[in-house]
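Okay, structure first, notes after.
The values are calculated or read from the model by the stated rules, or taken from the named source; none is laboratory data. Note that the coordinates shown come from a computational prediction; the quantities given were computed from them, not determined experimentally. Cβ atoms come from the backbone with ideal geometry, glycine included; neighbour counts cover every protein chain shown.
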Amino acid sequence: MSGRTEGGAADIGYGRGHMIRPFTYSLIAVALASLLCASAWVGLRALDRSYPPPLAEAGLVSTEIVDRDGNLLRAFATPEGRWRLATRIEDVDPKLTRMLIAYEDHRFYSHHGVDIGALFRAAGQLLLNGHIVSGGSTLSMQLARLVEPREERSIGAKLIQIVRALQIERRLTKKQILEDYLTLAPYGGNLEGVRAASLAYFGKEPKRLTVAEAALLVSLPQSPEARRPDRHPAEAKAARARVLERMKKAGIIVPREIALASAEPIPRMRGELPALAAQAAGDALRKTPSARRLQLTIDRGTQQRLEEVARETARRLGPKVSIAMILADAPTGDILGEVGSADFFDARRSGWIDMTDAERSPGSTLKPFIYGLAFEEGLIAQETMIEDRPADFGGYKPKNFDMRYQGNVTIRQALQMSLNVPAIRLLDAVGPLRLMARFREAGVKPALPRGEAPGLAIGLGGVGVTLSDLVQLYTAFPNGGRATMLHDRPVDQPTTARLLEPQAAWQVADILSGVRPPEGSRTVGIAYKTGTSYGYRDAWSIGFDGRHVLGVWVGRPDGGPVPGLAGYVSAAPILFDAFAKSGLAIAPLPRAPAGALRQARAGLPVTLRDFTPPGELPPVHGVPEPPPRIIFPPEGAHVELGSVDGGPVSPLVLKLQGGRAPFRWLANGKPLPQIARTRTSRWTPDGDGYSTLTVIDAVGRAASVSIYVQ
């Protein structure tokens, strides 16, 4: 029994020993694996701290100038000369990312940087075939190679790539890894990233791609130089076919779409990246050189159409002639289109010079503001007659553009025909200093010859202004007399300044709306003015509807004369063509404000039927009364008007001495409703601010005061 007992015990002991040893080995294996993992984790953390992947250094992208809606206007290459546009997943057609993951790394969302199965498969294929059949690199590993390129292809390089991939996965989300790959992947030459490649090969952003386009973009980064479609179309087509075949097997794309995509031609040309608004974009970058993305107020579609108009027209005008345009939104001051030259890359036209900011003689384009001041002063109405005859203004003898004179014409005719002598008569009456002061208040400082004071010659272009200046001034007409400061970068609040009173601005706009379009141009519902500088050096045309102002300049950037160049025949047709093709809806011209009327000559006061400058009033015979003089309110008075129980503002009593009844009162150029038979009248202001009161007696003698009403 003892032998059985011993034998049994021996059997039991033997069995326990065999059970304990495997268990012990398992514990040891787990401990070793844990230790190895812990060591790897500690080592990876230490490596992260001391030797992080150079993600920031590799992430330098091209500076982008975008339009008001974020669309690309112009990109600037990186310092090393590469086109590398920052890419977000939202910028790319979803089918491209699906095809990329399926083709390159179908377990992308499940691994942590390294696909062990793919690595073993690639190693086995290498051993069996003696060459690489398929790669084992994940997208994370490919990104590691992109951020830290290595020439040699060795086991050591692959191990470093694996470690970098693990580091990258610790730092970035899967979305960020995809975005970085799509930004940095090579596409041949100096193209990097899917956006640059799509723009160069397809002429569009990769937001909407065909199946064939997406497949080609997936295939190129594996061998970008050998598969460049512009140099090796056969290789590119074969690579695209392999991607499509893989998509077919994976069930991502149906066979019918595969067949259609396979038949789509390969692009044979590499296009240029967008360079719209080249001068405005360059100026924005100079002001903010460190920025990687700058937004302008320009609208990409409008800008593209304006540049096309400028380019096509310049070809007909001659090799050295350039064109500049600015289209602005009058209420906000946003520049919607800015063409600095006919073609930025045309050296014959000095295309790199921004003519929107060049000071040139404006010709007759300042005349509307002279007329506006005369309307404000109550000196004229649209049907007032004015002389167009040779005149001498203290030695200054202006002549009309065609050297002919019309005799007596209405104010409306004089402005529409752009007659020079009537404009100078009015400027002499309102004063050139006052005109220049209004320009400065509106944010425009015309350049005068050194040491010269403003003279009558400024009315015919004897001053330097820019196209931007003119467009800014003309915003006053759609805006009821307030000029808006122009800007091509977004602002929180536009800046405006009073240039003309609303009634005066409307009178001028109403006259300009009646100028006939240039020959061959269709009516588009705008008002406009033209100008030609001395010696046929500059041709101008400025037009506006109820919201937009478009200015056009034509000439040589070097200031040379161009025989036959004139605003009406050279610049005005471009204005009408550009307005028609801008893509903007034409807004109706402003309605007449209260008190602004277009009166027939018969309905005008006798003093407004013919223009007579204040300093040239005819002698009054048989009139015992002295000239009228306003005694209340006095010049410069600060008048506070109250109201009763929050009701309407109390009217201001107006008193005068002298003069002959009846009397016509004007407030800010707007006639008061009633003709006064006595020397006391009443006037209710429209609001707070400076106002000019004028009274004219029955024989045309006038007096004025300026006051502030609160």
Query raised in the report: Residues of region 182-208 being crowded, with 22+ Cβ neighbours inside 10 Å and not hydrophobic (A, V, I, L, M, F, W, C), which ones?
Result: Thr183, Tyr187, Gly188, Glu192, Gly193, Arg195, Ser198, Tyr201, Pro206
Query - Subset tally (residues that are assigned to a strand (DSSP E or B) and crowded, with 24+ Cβ neighbours inside 10 Å) for region 366-385 - result: 0
Report task. Hey, can you tell me all the residues within region 407-448 that are small (Gly, Ala, Ser), assigned to a loop (DSSP other than H, G, I, E, B) and closer than 30 Å to Ala602 by Cα? Result -> Ser418, Gly431
Requested in this report: Determine whether region 507-526 contains at least one residue that is part of a strand (DSSP E or B), touching a residue at least 60 places away in the same chain (Cβ under 8 Å) and under 30 Å from Gly689 (Cβ atoms).
Outcome: no
Report task. Please specify each residue of region 97-156 satisfying the condition of being modelled with pLDDT under 65 and assigned to a helix (DSSP H, G or I). Result -> Ala118, Phe120, Ala122, Ala123, Gly124, Gln125, Leu126, Leu127, Leu128, Asn129
Query raised in the report: How many residues are in contact (Cβ under 8 Å) with a residue 40 or more places away in the chain and either buried (at least 20 other Cβ atoms within 10 Å of the Cβ) or small (Gly, Ala, Ser) (or both) when one looks only at region 653-688?
Result: 9
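Working carefully through the options Leu575, Leu589, Leu550, find the one that is among the aliphatic types (A, V, I, L, M) and over 14 Å from Ala324 (Cα atoms). Explain how you work it out, then say what you get.
Working: Leu575 fails: over 14 Å from Ala324 (Cα atoms); Leu550 fails: over 14 Å from Ala324 (Cα atoms).
That would be Leu589, the only listed residue that is among the aliphatic types (A, V, I, L, M) and over 14 Å from Ala324 (Cα atoms).
Only residues that are of a type in the set (D, E, K, R) and either touching a His at 6+ places or on another chain (Cβ under 9 Å) or in contact (Cβ under 8 Å) with a residue 12 or more places away in the chain (or both): list them for region 446-479, please.
Here is the first cut: in region 446-479, the ones of a type in the set (D, E, K, R) are 450, 452, 469.
Asp469, the sole residue that qualifies.
What tally of residues in region 189-223 results from selecting those that are closer than 16 Å to Leu85 by Cβ and not basic (Lys, Arg)? It would help to see each step written out before you state the result.
So the first thing to find is which residues in region 189-223 are closer than 16 Å to Leu85 by Cβ, and the list is 189-207, 209, 217, 220-221.
If we keep only those that are not basic (Lys, Arg) as well, we get 189-194, 196-203, 205-206, 209, 217, 220-221.
Of the residues in region 189-223, 20 are closer than 16 Å to Leu85 by Cβ and not basic (Lys, Arg).
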Report task. Inspect region 639-647 for any residue being among the acidic types (Asp, Glu), assigned to a loop (DSSP other than H, G, I, E, B), over 45 Å from the mean Cα position of the chain (by Cα) and crowded, with 18+ Cβ neighbours inside 10 Å and give the result as yes or no. Result -> no
Query raised in the report: Being modelled with pLDDT under 80 and farther than 18 Å from Ser681 by Cα, is that true of even one residue in region 649-664?
Result: no
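Answer yes or no: is there a residue in region 201-210 that is in contact (Cβ under 8 Å) with a residue 60 or more places away in the chain, outside any loop (DSSP other than H, G, I, E, B) and either over 16 Å from Tyr181 (Cβ atoms) or outside the structural domain of Trp83 (by TED's automatic domain parsing) (or both).
So far as region 201-210 goes, yes, one or more of its residues are in contact (Cβ under 8 Å) with a residue 60 or more places away in the chain, outside any loop (DSSP other than H, G, I, E, B) and either over 16 Å from Tyr181 (Cβ atoms) or outside the structural domain of Trp83 (by TED's automatic domain parsing) (or both).
Conditions tested, residue by residue: (1) buried (at least 19 other Cβ atoms within 10 Å of the Cβ); (2) under 30 Å from Asp492 (Cα atoms); (3) not assigned by TED's automatic domain parsing to the domain that holds Thr210.
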{"residue": "Arg231", "(1), (2), (3)": "no, no, no"}
{"residue": "Ala236", "(1), (2), (3)": "yes, no, no"}
{"residue": "Met247", "(1), (2), (3)": "yes, no, no"}
{"residue": "Ile253", "(1), (2), (3)": "yes, no, no"}
{"residue": "Arg270", "(1), (2), (3)": "no, no, yes"}
{"residue": "Gly301", "(1), (2), (3)": "no, yes, yes"}
{"residue": "Ser322", "(1), (2), (3)": "yes, no, yes"}
Query raised in the report: In this structure, is Glu312 in a helix (DSSP H, G or I), in contact with a helix residue (DSSP H, G or I) (Cβ under 6 Å, 6 or more places away or on another chain) and surrounded by fewer than 21 Cβ atoms within 10 Å (Cβ to Cβ)?
Result: no
Requested in this report: Might you check whether a residue that is in the same structural domain as Tyr371 (by TED's automatic domain parsing), of a type outside the set (Asp, Glu) and within 30 Å of the chain's Cα centre (by Cα) occurs anywhere in region 450-463?
Outcome: yes
Query raised in the report: Mind checking whether some residue in region 408-417 is surrounded by fewer than 24 Cβ atoms within 10 Å (Cβ to Cβ), of a type in the set (A, V, I, L, M) and in contact with an Asp or Glu (Cβ under 6 Å, 6 or more places away or on another chain)?
Result: yes
Report summary line: Of the residues in region 579-603, those that are within 30 Å of Ile298 (Cβ to Cβ) and not in a loop (DSSP other than H, G, I, E, B) come to Phe579, Ala580, Lys581
